[in-house]
Every structure is written in structure tokens, then in C-alpha cells.
Amino acid sequence: MVAVRRQLRTGARRRLGQLIGERHAEEMTARVCDSRHGVGYLMHPEGRRSASMLESLRDTQVGQRCFILGNGPSLVKLDLQRLQNERTFGLNRGYLLFDRIGFETTYHVCINQLVAGQFARELAALGSYKLFAWSTHRHFAGQADIAFVRTMRRPHFATDPVKGVWEGSTVTYVALQLAFFFGFSEAILIGVDHNFATKGPANQTVTSTTADASHFDPNYFGPGVRWQLPDLERSEIAYRMARDHFAQAGRRVLDATLGGKLQVFEKVDYDQLF
């Protein structure tokens, strides 16, 4: 029995060592990839131009608040007309909302290559200040009104997105990093339902066959559109990092989503914000 216990302890230590080794190898690979990607970004004229555009936005909104519009079904249950004179972030295909509410968001963030590849013309035509992932720049050649943001594999909260942001499996997290960099003292989430009608393995690419019940518009990822299923667990890890970094800087992230499932941020009543 003693020998068996000794074997089990030895096996457990060996497996722990393997896991630590695997984690270290993943982190080293991520750092190498991020470093190479960064060099490519800054060597490319579009990358250098984008870095300069981002730098010009640093701390331009100190003391202000912003609203980050998630794309969940709950979004259209709110009176969004109240946001017309607020600073706002739209995300991915959030522009489908603009005709309905009569204005465009201040900023528009798109990091998803599938979204950019399928809807590049619509995204390119937006009048919002456009901040798209560097990995999508081939879809917007020669368009000087887009600041391309470098994304990295290493999990972190970027206080300086000029050096690269982590996607955290959700464009909302990228918007939070940008909001922090711009100097916003308060970022308010709405429409971040954190709950999807479509189920399946995280990050799996699927092609829609029916109207979209997971977003505010049935055409968001309608029939024939390819998209990736959410990774809610990884997103929560990212959200906690955002919450903590805002708090450490004396700022905060609030969640005014109607009926949202996310339990990371302080909940507030949307109607009481005005």
C-alpha cells in the first residue's frame, strides 16, 4: 500500500511538472509570436500609421464616461435614444442598429476576421472612428480612416494598446482596453447578455442556417453567415482582468445590461444613469 501511494504521489508530481512545462511552452510560444507580429506591424506603413492614430487618442477622454454596446438581444429593449449625446462604442455588426436609432456610435471596434471578411464593405462605409484588428487590414487596403490594432496571444489587459491588446475571446474586452487607454473613468456595458441561443464547442466555426436568435438582429449572423461560437469561460477571465485594472486606477466598469448573465461587474439600472 505504501508503495502504491508513493507511485501515485510520484505520478502526480510528474503530471504537475508536465502541466507546468506545457504552460511555460505555451507562454513562450505566445511571446515569440507576439514579438514577430509586433515587428511586422511596425514595419508596415499601415501599421505605423495606425500606431500614430492610436497614440493621438491616448487620454483624450479623461474623466468622461462611455457606453459599450454589446450585441445581445436585450440591447433593443433599452431606450437607446438616450445615448445620442454620449460617447459610445459599437462592436462588430453593431452597425445594423444605426438606422433604427438614428445615429452612429462614436467608435466602432471589429476584431473578428470572419466578420471583417464577410462584411468589409459595410464596415468600411461607417462614419464612426474605426478601430479594427490588424489581422483584418487586408480587407481594407488603402483606407486611411481606420486605426488597425495589433492583437496578441498572451493573456493580459493592455493599458497601452499601441503595443497590442489581448482579444479575450470577445470584442467587448478589446473595447474595454481601448476605453481605458482613451482615459474614460467609467465604462458602462449594455447588451452584454453573456448568453447565446446557439450552443456548441467554444470557438468552433459554424454556418448559420436560420435567423439569428443570439444577437439583437435576426440578420446579424443570419442564414449562410459563418461565425465562431462563444468562449464564455475565457471571456469571464478577461472581464475580471478588466474589472481589476479599472479599479486599481480608481475607475470602474458598470453593467447596465437588462437581464444579463454576466456576474463580473457591478450591476446598475440603465434608466438611473440619465
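Quick notes on this structure:
- Test: residue in the range 222-245 that is modelled with pLDDT of 95 or more and closer than 18 Å to GLN61 by Cβ: yes
- Remark: pairs (first residue in the range 126-146, touching a residue at least 24 places away in the same chain (Cβ under 8 Å) and crowded, with 20+ Cβ neighbours inside 10 Å; second residue in a strand (DSSP E or B) and of a type in the set (Gly, Ala, Ser); Cβ separation under 6 Å; 6+ apart in sequence or on different chains) = LEU131/ALA147.
- When restricted to residues that are surrounded by 13 or more Cβ atoms within 10 Å (Cβ to Cβ) and part of a loop (DSSP other than H, G, I, E, B), the range 220-229 contains 5.
- Of all residues making up the range 230-272, the number that are among the charged types (D, E, K, R), buried (at least 17 other Cβ atoms within 10 Å of the Cβ) and in a loop (DSSP other than H, G, I, E, B): 2
- Residues in the range 177-219 that are in a helix (DSSP H, G or I) and basic (Lys, Arg): none.
- Selection count where residues are part of a helix (DSSP H, G or I) and within 16 Å of ALA175 (Cα to Cα), scope the range 116-142: 1
- The single condition among (1) touching a Ser or Thr at 6+ places or on another chain (Cβ under 9 Å); (2) within 24 Å of LEU75 (Cα to Cα); (3) buried (at least 20 other Cβ atoms within 10 Å of the Cβ) that LEU178 does not satisfy is (1).
- Number of residues in the range 65-112 that are surrounded by fewer than 20 Cβ atoms within 10 Å (Cβ to Cβ) and in a strand (DSSP E or B) equals 2.
The values are calculated or read from the model by the stated rules, or taken from the named source; none is laboratory data. Note that the structure is a prediction, hence the values are computed from the model and not measured. With ideal geometry, Cβ positions are generated from the backbone for all residues, glycine too; neighbour counts draw on all protein chains shown.
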